[in-house]
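Values in this text are rule-based calculations from the coordinates and carry no lab data. Just so it is clear, the structure is predicted and the values come from calculations on it, not from any experiment. With ideal geometry, Cβ positions are generated from the backbone for all residues, glycine too; neighbour counts draw on all protein chains shown.
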Amino acid sequence: MEQSIKRFLNKHIIITGAAAGIGKGVALRFADEGGRVVIADRNRECGEAVAKQITESGGKAAYIFVDLVDHNSINELIKKAADVFGPVDIAVSNAGIAESQSSALDINVEEWDRVYDINTRGSFFFCKACAQNMMDNDTKGSIVTMGSLVARSAKGMSGAYASSKAAIIMFTKTLAKCLAPMGIRVNCVSPGIVATEIYSNVEKEMMMEKDSFADWLVEQSIASGQLLISRCGTSGDIAGAVAFLASDDAAYITAQNLSVDGGMDWCW
Ligand SMILES: NC(=O)c1ccc[n+]([C@@H]2O[C@H](COP(=O)([O-])OP(=O)(O)OC[C@H]3O[C@@H](n4cnc5c(N)ncnc54)[C@H](O)[C@@H]3O)[C@@H](O)[C@H]2O)c1
C-alpha cells in the first residue's frame, strides 16, 4: 500500500533481517515513506530481491550482507552502509531466529548459543555500532529493536528464545538511558503471531505442514479467549508500529516496549 505521508524523506534506515518476513515489511514501509533503505541480511538472494523490488517501484534501497554472529561483519555493514547512503538516521534491529520448541529443561548448549548469538549478542552489537555512527555524526537518530510477546508471557516450551527476547527489552531500556543525552531514542516493538519462516523449524519438529503453525496458534488462542483481535498479525501491522516509533511522531517516546499482538495474553 503506497503511503501518502512521507516521514522519512532522505533518511538513511538500516534494517537487519530485511530479506524476509517482518523485516521485509518494515523495509517496504520505510521505502514507501521516502526513506533510503539498507536491506541487511545473511540471505543474499532474498535480500537482493527486496532491494530490487523497492528500486523498481521508484524507491531507494541497497542490499548489504551481514551475519550478525560475526562482530566484524556488523562493523563492515555499518561502514558499507555509510558509504552508500551516508550517516545512519534510523536503525531497526529486527533479525532473529527461533529454533526448536524444546522445553526449558531440554535445551542444549548449542541451541542456547545459536539463539543468543543472533537474537541477543548480534542485536546488541548492531545497535551499539549504529549508535556510535549516530554519535560520530551528531545525528539525533532513532533505534528500534524487536522483542516478542513471549518475552513477557512465555510457555515452558521456548526457553532460549523467550529469554533472549526478554533480554532485548532490557537492553533497549539501558541503551535508551545512555543515548538520551545525545538525542537518540531507543524503543522496542514486541510482535504477537505473524506467519513467517521463523516457525519452519517448529513445523518440522511438530510434523505440521509448512506455514501452518502460526494459524494453528492463532486458532488456539482465539478459542481460549487469549487473543482479542481474532486474526494473525501481518508484517504490515508490525511495520506500522516500527515506523511510528522511528518517526518524529514519537519524538517524546523512548525506552518503551510496544506490544503489537492483537491484545494477546498467554497464561499457559
Ligand atoms: N513471526 C512472529 O510471529 C514473531 C513474533 C514475535 C517476534 N518476532 C521477531 O521478529 C523478528 C523477525 O522475525 P520473522 O518472523 O520475520 O522471521 P523470518 O525468519 O521470516 O526472517 C528473519 C530474517 O532474519 C535473517 N537472519 C537470521 N539470522 C541472521 C543473521 N545471523 N544475520 C543476518 N540476518 C539473519 C534471515 O535471513 C531472515 O531474512 C525476529 O526478531 C523475531 O524474533 C517474530
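Quick notes on this structure:
- Scope segment 135-169; condition polar (S, T, N, Q), under 21 Å from the mean Cα position of the chain (by Cα) and in a loop (DSSP other than H, G, I, E, B); matching residues: 148, 153, 158
- Every pair of residues 6+ apart whose Cβ atoms lie under 8 Å, when the first sits in segment 217-241 and is within 21 Å of residue 95 (Cβ to Cβ) while the second is buried (at least 19 other Cβ atoms within 10 Å of the Cβ) and basic (Lys, Arg): 235/24; 236/29; 239/29; 240/29
- Restricting 215, 113, 138 to residues that are out of contact with any His (no Cβ under 7 Å at 6 or more places or on another chain) and on the phi > 0 side of the Ramachandran plot narrows the list to 138.
- The listed residue being buried (at least 24 other Cβ atoms within 10 Å of the Cβ), more than 27 Å from residue 250 (Cβ to Cβ), within 20 Å of the chain's Cα centre (by Cα) and within 14 Å of the ligand (Cβ to nearest atom), out of 47, 17: 47
- Given (1) touching a strand residue (DSSP E or B) at 6+ places or on another chain (Cβ under 9 Å); (2) loosely packed, with under 14 Cβ neighbours inside 10 Å, number of the condition residue 191 does not satisfy: (2)
- Taking the listed residues 197, 205, the one that is surrounded by fewer than 24 Cβ atoms within 10 Å (Cβ to Cβ), among the charged types (D, E, K, R) and touching a Gly at 6+ places or on another chain (Cβ under 7 Å) is 197, with no other qualifying.
- Flag for residue 36 being under 26 Å from residue 138 (Cα atoms), touching a residue at least 40 places away in the same chain (Cβ under 8 Å), out of contact with any Ser or Thr (no Cβ under 7 Å at 6 or more places or on another chain) and buried (at least 24 other Cβ atoms within 10 Å of the Cβ): no
- Identity of the residue in segment 151-172, surrounded by 22 or more Cβ atoms within 10 Å (Cβ to Cβ) and among the hydroxyl-bearing types (Ser, Thr, Tyr), that ends up farthest from residue 108 (Cα to Cα): 172
- Screening residue 61 on (1) hydrophobic (A, V, I, L, M, F, W, C); (2) under 18 Å from the mean Cα position of the chain (by Cα); (3) under 16 Å from residue 121 (Cβ atoms) shows it passes everything except condition (3).
- Some residue of segment 122-133 being more than 19 Å from the chain's Cα centre (by Cα) and surrounded by fewer than 18 Cβ atoms within 10 Å (Cβ to Cβ): yes
- Some residue of segment 134-141 being within 12 Å of the ligand (Cβ to nearest atom) and either surrounded by fewer than 18 Cβ atoms within 10 Å (Cβ to Cβ) or of a type in the set (D, E, K, R) (or both): no
- Residue check for residue 60: of a type in the set (Lys, Arg) and either within 16 Å of the ligand (Cβ to nearest atom) or surrounded by 24 or more Cβ atoms within 10 Å (Cβ to Cβ) (or both): no
- Residue in segment 251-261 that is surrounded by 21 or more Cβ atoms within 10 Å (Cβ to Cβ), in contact (Cβ under 8 Å) with a residue 40 or more places away in the chain, in contact with a helix residue (DSSP H, G or I) (Cβ under 6 Å, 6 or more places away or on another chain) and among the charged types (D, E, K, R) present: yes
- Elements of type helices (runs of 4 or more DSSP H) in segment 172-268, at least 2 residues being within 14 Å of the ligand (Cβ to nearest atom), closer than 27 Å to residue 9 by Cβ and out of contact with any Leu (no Cβ under 8 Å at 6 or more places or on another chain): 235-246
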